[in-house]
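Undergrad: Right, I'll just put the structure down here and ask away after.
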Amino acid sequence: MPLTLHAATVPTWLQITQGTRSLIDVAEAWCSDNNEPASTLLDAKLADDMWPFARQVKCVWMQSAHALNAVQSGQFEPELSDPPTDFDGLRQILDTARDTMLAVDPLALDASADKQVDFVFGGKVRMSFTAQNFLLGFSNPNFFFHATTAFDLLRMKGLNVGKRDYLGSLPILG
């Protein structure tokens, strides 16, 4: 059976989004247990020129749900407004991502594989893709980069999280 565009993206994005959402719960508990303000983690960066934890989490939404919406509209423009400023807001944005992904019609997504999607920045088209190339060659790598960076930020701050936390619920039989 050939791998469909939907199968190559949405199920794994859902899995990692759920894992990222669980990391937020761990982060909030760590702040509470260590009498640290949420900003200790929300504003944490790996390097000065990188985005902080909160924006990394928001990018998980942007490179999944926002990207899927871009396939429908034919245009992807990065959503650069400020990320949520608390753990509940981050959970909400990931819940929105989950709900958007669950609502995707697999057949419709697969049928859109050759549709043009323009990457627009500053009001100008910067790159044009097929939907398949956009999702697999642009959004997919970005999705995993930001999810991994969010995980790495918590590890850097000393939280007891591991690969199982990142992976979320595995798609095992039974």
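The values are calculated or read from the model by the stated rules, or taken from the named source; none is laboratory data. Bear in mind the structure is a predicted one, so any value in this text is a computation, not a measurement. Every residue, glycine among them, receives a Cβ derived from its backbone with ideal geometry; neighbour counts consider all protein chains shown. Surface accessibility is based on the protein's heavy atoms, side chains included, excluding ligands, DNA and RNA. Shrake-Rupley method; radii C 1.70, N 1.55, O 1.52, S 1.80 Å.
Undergrad: Residue separation times 0.36 nm, minus the C-alpha to C-alpha distance between Leu3 and Ala29: what's the value?
TA: Working: separation 26, 0.36 × 26 = 9.36 nm, distance 3.91 nm.
Extra length from Leu3 to Ala29 when fully extended: 5.4 nm.
Undergrad: Counting only heavy atoms of the protein chains, get the accessible area per residue of the chain (1.4 Å probe) and round it to a whole Å² value.
TA: Values: 9180 Å² over 174 residues.
Computed with neighbouring chains in place, this is 53 Å² per residue.
Undergrad: Shifting gears a bit: Can you work out the FRET efficiency for the pair Ser81 and Phe145, with r the C-beta to C-beta distance and R0 = 25 Å, to the nearest 0.05? Write down the numbers at each step before the final one.
TA: Values: r = 20 Å, r/R0 = 0.80.
The computed FRET efficiency comes out at 0.80.
Undergrad: Using only Cα atoms and rounding to the nearest 10 degrees, what angle (0 to 90) does helix 87-103 make with the longest principal axis of the chain?
TA: 20
Undergrad: Ignoring ligands, DNA and RNA, what percent of the 1.4 Å accessible area of the chain is carbon and sulfur? Write out the running numbers ahead of the final one.
TA: On the way: 4810 of 9180 Å².
Accessible surface attributable to carbon and sulfur in the chain totals 52 percent.
Undergrad: Given charges of +1 on the Cβ of Lys and Arg and -1 on the Cβ of Asp and Glu, with all other atoms neutral, how large is the dipole of the chain about its Cα centre, in debye to the nearest 20? Numbers along the way, then the final one.
TA: On the way: 13 positive and 20 negative charges, 83 e Å.
The dipole of the chain has a size of about 400 debye.
Undergrad: Please give every one of the lysines within straight-line cross-link reach of Lys163, meaning a C-alpha to C-alpha distance under 22 Å, and leave out same-chain neighbours fewer than 8 residues apart.
TA: Cα-Cα hits under 22 Å: Lys45, Lys58.
Undergrad: Same structure, new question: Taking the Cα centre of the range 106-174 as the origin and placing charges on Cβ (Lys, Arg +1; Asp, Glu -1), which of Gly158, Gly168, His146 is farthest toward the positive end of the dipole?
TA: Farthest towards the positive end: Gly158.
Undergrad: Using a Förster distance of 45 angstrom, determine the FRET efficiency expected from the C-beta separation of Thr130 and Ser39, and round it to 0.05. Write out the running numbers ahead of the final one.
TA: Details: r = 41 Å, r/R0 = 0.91.
The formula returns an efficiency of 0.65 here.
Undergrad: Could you please state, rounded to a whole Å, how far the C-alpha centre of the range 73-94 is from the C-alpha centre of the range 36-63?
TA: That distance is 12 Å.
Undergrad: What distance in nm separates the simple spin-label points at Asn69 and Asp105, each placed 7 Å from Cα in the Cβ direction?
TA: Distance between label points: 1.9 nm.
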